[in-house]
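Read through the structure below, which is laid out as structure tokens, and then see the notes.
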Amino acid sequence: MSSQVIEEQDLFLDDDTNFPEQTSFWWPAETTTKPVNDGVIDSLRTQLAGPSTGKAGLANIDKEKVNAIIYEASKGSAYFENERRKDKTVTKRIETMLIEASKVREMDLSMETRIVDGMIREFEESRDLSQTICHVDMDAFYASVEELDAPEWKNKPMAVGSNAMLSTSNYIARTFGVRSAMPGFIALKLCPDLCILPHNFKKYQAASDKVRAVFAKYDPDFSPMSLDEAYLNLTKVSLKERLETNSMTASELVQTIREEIFQSTQLTASAGIGPNKLLAKICSDFQKPNGQFEVSNDREAVQKFMAALPIRKIFGVGRVTERVLDSLGVKMCSDIYAHRALLYKLLSPISFKFMLRSYLGLGSTVVKAETTRKSISVERTFDALSAVGDLILKVEELAVLLAKDLADAGIKGKTIGIKLKLSSFELRVRSKTMPFYISSAEDIARIAGELLFKEMPVSLRLMGIRMSSLQPLVNENGLKKYFSAKIPNKQSIEDEEDMTPYIPEDYPMEAELSEEGDIENKSSLTCPICNRCLQLDNLEFNQHVDGCLSKIEVGLLL
DNA sequence: GGGCTGGTGGCAT
DNA sequence: TTCCAATGCCACCAGCCC
């Protein structure tokens, strides 16, 4: 598995938002910004503040002031306008639901209540309290690793990432409201003294390897969620091992694990213990940093724990779901029960079941080391591009990267998807499933190019290509394919149809090729429309593709 | 009409 | 001036088949 995948996931999984007791929000009097209120509703300001800000641990921070600064820094940008559009969509969705809710509230819901109570009884019967699951989460992982090499950062606000986006921040920086998934330039407005260190994934991987070695000792099948986070099933740790580690209870065992992690890495970890993954995950956030929390394997303890929990604490409930449920009066998990008949009527069966199970504190107990990968993708952000030739080059560039990742992973796939982020931040995803498997850069570029051209004209700030419906490569030819000659290249297709777009025989293609020019500045480029390999410079190539596109419009091609 | 598959959008980490 | 990258899951809809 590509290690980069895990590292990148980590950017968002690092949501350890609790703070040391002594922290308080620093606010110089002369720069105090009054919370703005120019007609923008609170939901948008909360939305702009970023993910995870509603989670526990921010009690010591003046959220109003932080949000006001973020709002001021974002106002007027394309990003801001897009957030406003998204906010309106959610608002509309909520309005529609509230109309429905007012109708439902007038109805006699005794039958629905009985149905839900029946579901609860059924769920109760399936409750498994026999397992001891632990979720371990390293504290401010990237930042803490950096502090190992440079201890002076321990007393200064520091974050890891870039001017565009932060992965994580140390606890000093968090007292300023600086946190993961925040753009660096906004973080600097919150904390002008903040130092932003670039990523050093090799270091984080090395530290992670040490942490995982400890995990493996206690559960060889531990399930890593990212570089700094994993689930362990401690049920099977034998009494003998517990005695050897001088620990009898699950809590003592986890204490031992955390101590071993510290011995090995000088890094602190927080942990949660419970009868399933849902509870363990929530608990690991409770005593951050460098702490642990346990919910005992007892139905009443679990119910009591869950009832007092804000719904946002549930893994899978984000800002949007929180807003939607809040509009229905559901803020805490106990509210799910109080409003069970209404929610039963309004939510989809799957969503309702998820909420009800969460209220009951029921979750999966399956801790598995490996899961099969479902998709593999690459994406890049860049300065706005709209010229056809530039976009084609970008497709080819990404296709090469994806083909390499596929080759490294030894897989091929049938479904190609493109992801486009317009300069307006509007997101578009398009995909196409082929009747055969592909893995070469050429095939990927051609299909991705076809998808892209249907969206033209566009001005893009991000492009991504994803391959899904995956299957392992069975022979070496498949692996060699991408590195072999450019065209034609069909060995992975074998008995399947030819993918080359149909081009009429009398189609006049070669005008550009016969032109004179400085061959030094020309490179070999494949037009994704007519699939010809051309020796052209960028300008000529753009003109060629534009010509092909106009031919598509009049139905001459494809 | 119900199940299946594929495509798109959205939400989540 | 500046808002990442990779992946999974689900809802909803349309089209197809039996």
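The values are calculated or read from the model by the stated rules, or taken from the named source; none is laboratory data. All values reported here derive from a predicted model rather than from experimental measurement. Every residue, glycine among them, receives a Cβ derived from its backbone with ideal geometry; neighbour counts consider all protein chains shown. Areas reflect the complete protein model, heavy atoms only, side chains present, ligands, DNA and RNA absent. Shrake-Rupley method; radii C 1.70, N 1.55, O 1.52, S 1.80 Å.
Annotations for the structure displayed:
- Some residue of the range A:441-452 being touching a residue at least 40 places away in the same chain (Cβ under 8 Å), open to solvent by 20 Å² or more (accessible area, probe 1.4 Å), more than 16 Å from DNA strand B (Cβ to nearest atom) and closer than 30 Å to residue A:76 by Cβ: no
- Number of residues in the range A:416-436 that are open to solvent by 50 Å² or more (accessible area, probe 1.4 Å) and under 16 Å from residue A:374 (Cα atoms) equals 3.
- Here residue A:397 does not fit the description of being open to solvent by 60 Å² or more (accessible area, probe 1.4 Å), within 16 Å of DNA strand B (Cβ to nearest atom) and within 21 Å of residue A:440 (Cα to Cα).
- Selection count where residues are farther than 17 Å from residue A:267 by Cβ and among the small types (Gly, Ala, Ser), scope the range A:181-207: 3
- Number of residues in the range A:131-156 that are assigned to a helix (DSSP H, G or I) and touching a residue at least 24 places away in the same chain (Cβ under 8 Å): the value is 9.
- Segments classed as strands (runs of 3 or more DSSP E), wholly inside the range A:214-316, with at least 3 members that are under 12 Å from residue A:133 (Cβ atoms) and either open to solvent by less than 20 Å² (accessible area, probe 1.4 Å) or touching a strand residue (DSSP E or B) at 6+ places or on another chain (Cβ under 7 Å) (or both): A:229-233, A:269-274
- Residue match in the range A:457-466 (condition: modelled with pLDDT of 85 or more, within 12 Å of DNA strand B (Cβ to nearest atom) and within 14 Å of residue A:397 (Cα to Cα)): yes
- Matching residues, the range A:317-326, being assigned to a helix (DSSP H, G or I), touching a residue at least 40 places away in the same chain (Cβ under 8 Å) and open to solvent by less than 40 Å² (accessible area, probe 1.4 Å): A:324
- Scanning the range A:404-433 for residues that are of a type outside the set (S, T, N, Q), under 17 Å from residue A:472 (Cβ atoms) and either touching a strand residue (DSSP E or B) at 6+ places or on another chain (Cβ under 8 Å) or more than 12 Å from DNA strand C (Cβ to nearest atom) (or both) returns A:405, A:406, A:407, A:409, A:410, A:411, A:412, A:413, A:414.
- Among the criteria (1) open to solvent by 50 Å² or more (accessible area, probe 1.4 Å); (2) assigned to a helix (DSSP H, G or I); (3) polar (S, T, N, Q), the one residue A:82 does not fulfil is (1).
- Search result, residues across the range A:217-236 that are in contact with a helix residue (DSSP H, G or I) (Cβ under 8 Å, 6 or more places away or on another chain) and closer than 15 Å to residue A:297 by Cβ: A:234
- Within the range A:330-386, being within 14 Å of DNA strand B (Cβ to nearest atom), open to solvent by 40 Å² or more (accessible area, probe 1.4 Å), outside any strand (DSSP E or B) and over 30 Å from residue A:218 (Cα atoms) holds for A:348, A:349, A:350, A:351, A:354.
- Against the list (1) hydrophobic (A, V, I, L, M, F, W, C); (2) in contact (Cβ under 8 Å) with a residue 12 or more places away in the chain; (3) more than 13 Å from DNA strand C (Cβ to nearest atom), the condition residue A:356 fails is (3).
- Selection within the range A:161-173: residues that are more than 26 Å from residue A:383 (Cα to Cα) and open to solvent by 10 Å² or more (accessible area, probe 1.4 Å). The member of this set that is nearest to the chain's Cα centre (by Cα) is A:171.
- Filter result for residue A:199 (in a loop (DSSP other than H, G, I, E, B), surrounded by 14 or more Cβ atoms within 10 Å (Cβ to Cβ), on the phi < 0 side of the Ramachandran plot and within 21 Å of the chain's Cα centre (by Cα)): yes
- Residue count for the range A:383-409, restricted to those that are in contact with a helix residue (DSSP H, G or I) (Cβ under 7 Å, 6 or more places away or on another chain) and either under 12 Å from residue A:464 (Cβ atoms) or of a type in the set (Gly, Ala, Ser) (or both): 7
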